[in-house]
Amino acid sequence: MKSIINRIAIALLVTSLASGLAFAKTKRQTVTFETDIKVNGTVVSKGVYDVKYDDAAGELTIAKGSKVIARTTTRVEKRDRKAQQFELRSLGTGEETELTGITFAGSDHNVVIGNSQATR
């Protein structure tokens with residue numbers, strides 16, 4: 001009897017872990033940067049890019065086609081209400097504009113860019 005209960009408990013544990021992985025996803029948005037912008041020190045030239053956020057890895061990637069321009073770590077912050085549209089947040093002006101975060105339409109979390117260096 002104990003053996004059966006242990007097997008059921010293990011099966012439930014495996015199922016719950018697997019279902020958590022199924023909810024992890026990558027969000028994507030096409031963005032036009034009107035000016036050059038820095039992502040943790042990496043300059044992203046003005047133009048059209050794909051911004052991808054992997055919530056499982058906590059990683060934001062900016063790519064042009066299949067070429068990764070910048071990749072950086074992130075954290076999420078809860079919002080008071082869901083975003084009506086995609087939002088980009090930055091600090092500074094001109095050549096010193098730094099991307100500080102994004103929010104996807106319909107999301108109740110802000111994606112905040114971490115303080116580590118972006119990589120290519």
Self-check item: The one condition in (1) farther than 23 Å from Lys25 by Cβ; (2) touching a Phe, Trp or Tyr at 6+ places or on another chain (Cβ under 6 Å) that Leu60 fails to fulfil
Solution: (1)
Quiz prompt | Of all residues making up the range 44-83, the number that are buried (at least 16 other Cβ atoms within 10 Å of the Cβ), within 13 Å of Val111 (Cβ to Cβ) and of a type in the set (Gly, Ala, Ser) | solution = 1
Quiz item: Among the residues of the range 39-62, which ones are closer than 11 Å to Glu98 by Cβ and either polar (S, T, N, Q) or in contact with a Leu (Cβ under 7 Å, 6 or more places away or on another chain) (or both)?
Solution: Val39, Asn40, Thr42
Quiz item: Of all residues in the range 5-37 being modelled with pLDDT of 90 or more, of a type in the set (D, E, K, R) and within 19 Å of Gly58 (Cα to Cα), which is surrounded by the fewest Cβ atoms within 10 Å (Cβ to Cβ)?
Solution: Arg28
Quiz item: Inside the range 40-62, can you point out the residues that are among the hydrophobic types (A, V, I, L, M, F, W, C), assigned to a strand (DSSP E or B) and within 13 Å of the chain's Cα centre (by Cα)?
Solution: Val51, Leu60, Ile62
Exercise. Scan the range 83-115 residue by residue and report those that are over 19 Å from Asp54 (Cβ atoms) and part of a loop (DSSP other than H, G, I, E, B).
Key: Gln84, Gln85, Gly92, Thr93, Thr97
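The values are calculated or read from the model by the stated rules, or taken from the named source; none is laboratory data. In this text, all values refer to a predicted model and were calculated from it rather than measured experimentally. No Cβ is skipped: glycine too gets one built from the backbone with ideal geometry, and neighbour counts run over all protein chains shown.
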